[in-house]
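As structure tokens, the structure follows; a few thoughts come after it.
The values are calculated or read from the model by the stated rules, or taken from the named source; none is laboratory data. Bear in mind the structure is a predicted one, so any value in this text is a computation, not a measurement. As a convention, Cβ positions derive from the backbone with ideal geometry for all residues, glycine included, and neighbour counts pool all protein chains shown.
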Amino acid sequence: MTIKKITTSFLLAIFLTVFQNAIAWSAEVTGMNGIGSKDRRALSPYAQVVPNDSYTFIGVSHPSLTTALTQIGVILEVRNMSTIPNNAAGRAAVFTIGAGETHRIFVVNVGHSTIKSSNSAFADSKTHLIFTENSAQFGNVSAMSVNQHPLNATPVRGVDKYANLSQLSMWGVVFIPSSSTGFSMEFVGDAHDSTVTHPVSSHSLRPESGRTSGAGRGIN
Amino acid sequence: MKTGCLSKLFSFIRFFIICLLVIISLTHEAYADIDPHDNRHLVIAPYWQSDSTSYSFIAVTHPSLSDMASQIGLTINVTQSDLSAFATNGEALSFTISAGATERVFIVRTGHSIINPTIIPSGHFIVGPTSYKYGNITVRNVAAFPYNRTGNPAGWPSDGDGWRDITMLSFFGGIIFDHNTTGFAMEFIGDTQDSTTTFSWNQSATSGVN
């Protein structure tokens, strides 16, 4: 009886170990191109919404660089804020930005007097509203490429093109309307911080001796 | 004898033509036009706006660094969210900036009481509708061949010879609210701020300040 119990426990332990490894492995595989992947992400460390005081504005532009595909999908999400609805759909704006376009994202409390869906000035396809509850909220912003493999190039007439966030340019402010003042936001991982990958820099955007550094930090 | 001379003459002409073609092809390579969308030749700003209460302001400075041509031409394309030009005349703004100079550019609505060419004659203006407009900015070289060095040959005393490359210029800008003259700094990518040491056998700094 004791031997049977030990054997059962031993086999169960082996099964659990193998099962947990399988779970860990699958999670890691998913994570390679999942939400934690740095090559899919751009972020801003701070955003805030205070009813009757301030809101957050973000502008995202597609500067139509040589290395950019003409359409790039973006998922922009505010985190650590209570949104309306307070779920994944409520806290994110998902959109496709075309070459040369600029999209606006307002993170604002749901009871704001002018920035609302019913106002035609904020109802166009390039304007996206993320509503928070009518209480002071603060958190951070995370943008993610819709493309799950942002380092995979699409060759177009001999030039490798990418649908990743380092081809886009982001700018934003925490705005205080009463005084038209506020604070500029910081974005990490967009074109400003980008480094074009080696295959591109060694071909179409290669350095020119004594003249350019080739494609390096920033767009140049 | 005569046939031999002609043969030599033809050979010489053939050789001459081949040499000429080689020189032409090499020259053509050296003067290859740049791609206007090439990352290496652009300066961009992600956001500007103009409406009845605000405008955008840009300052461009020629820092007069070594290897910069004493005059550099630039074209500023102010693109709206619908991809059209902001300027009422539909045109981009082009001007030349000289060594050490700072030029001011105003992206402003029609009929602004203070920000206009009469009151600020030294400014450059991109004037558009009075309604709220926004978009992004792309700055390009006027020079089709910005890497062709101007001025004296290498080794001569410098008299402003260098490259007519806008990525060696310095940009600053703001979105200004009229009623209290406050606003936000704009961001520029690709100017001297983002420059890196150039690729070269001796790592000489020729593009940007670094």
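Residue-wise test of (1) aromatic (Phe, Trp, Tyr); (2) in the same structural domain as A:Ala163 (by TED's automatic domain parsing); (3) without any contact (Cβ under 8 Å) to a residue 12 or more places away in the chain; (4) surrounded by fewer than 17 Cβ atoms within 10 Å (Cβ to Cβ).
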| site | (1), (2), (3), (4) |
| --- | --- |
| A:Leu65 | no, yes, no, no |
| A:Asn86 | no, yes, no, yes |
| A:Gly100 | no, yes, no, no |
| A:Val108 | no, yes, no, no |
| A:Thr114 | no, yes, yes, yes |
| A:Ala136 | no, yes, no, yes |
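Taking the stated definitions as given, is B:Val60 in a strand (DSSP E or B), under 26 Å from A:Ala99 (Cβ atoms) and without any contact (Cβ under 8 Å) to a residue 60 or more places away in the chain? Answer is no for this residue.
Of the candidates A:Gly73, A:Gly90, A:Gly59, the single residue that is in contact (Cβ under 8 Å) with a residue 60 or more places away in the chain and surrounded by fewer than 20 Cβ atoms within 10 Å (Cβ to Cβ) is A:Gly73. The single condition from (1) under 20 Å from A:Ser184 (Cα atoms); (2) within 13 Å of chain B (Cβ to nearest Cβ); (3) surrounded by fewer than 23 Cβ atoms within 10 Å (Cβ to Cβ) that A:Arg79 fails is (2). Exactly one residue among B:Ala99, B:Ala92, B:Ala87 is over 12 Å from the mean Cα position of the chain (by Cα) and within 14 Å of chain A (Cβ to nearest Cβ), and that residue is B:Ala92. So how many residues does the stretch B:160-172 have that are surrounded by fewer than 21 Cβ atoms within 10 Å (Cβ to Cβ) and either at pLDDT 90 or above or among the β-branched types (Val, Ile, Thr) (or both)? The qualifying residues number 2.
Applying the criterion of at least 1 residues that are at pLDDT below 95 and closer than 18 Å to A:Val49 by Cα to the strands (runs of 3 or more DSSP E) found wholly in the stretch A:63-124 leaves A:71-79. Restricting attention to the stretch A:168-195 and to residues that are at pLDDT 90 or above and in contact with a helix residue (DSSP H, G or I) (Cβ under 7 Å, 6 or more places away or on another chain), the residue that is farthest from B:Met186 (Cα to Cα) turns out to be A:Leu168.
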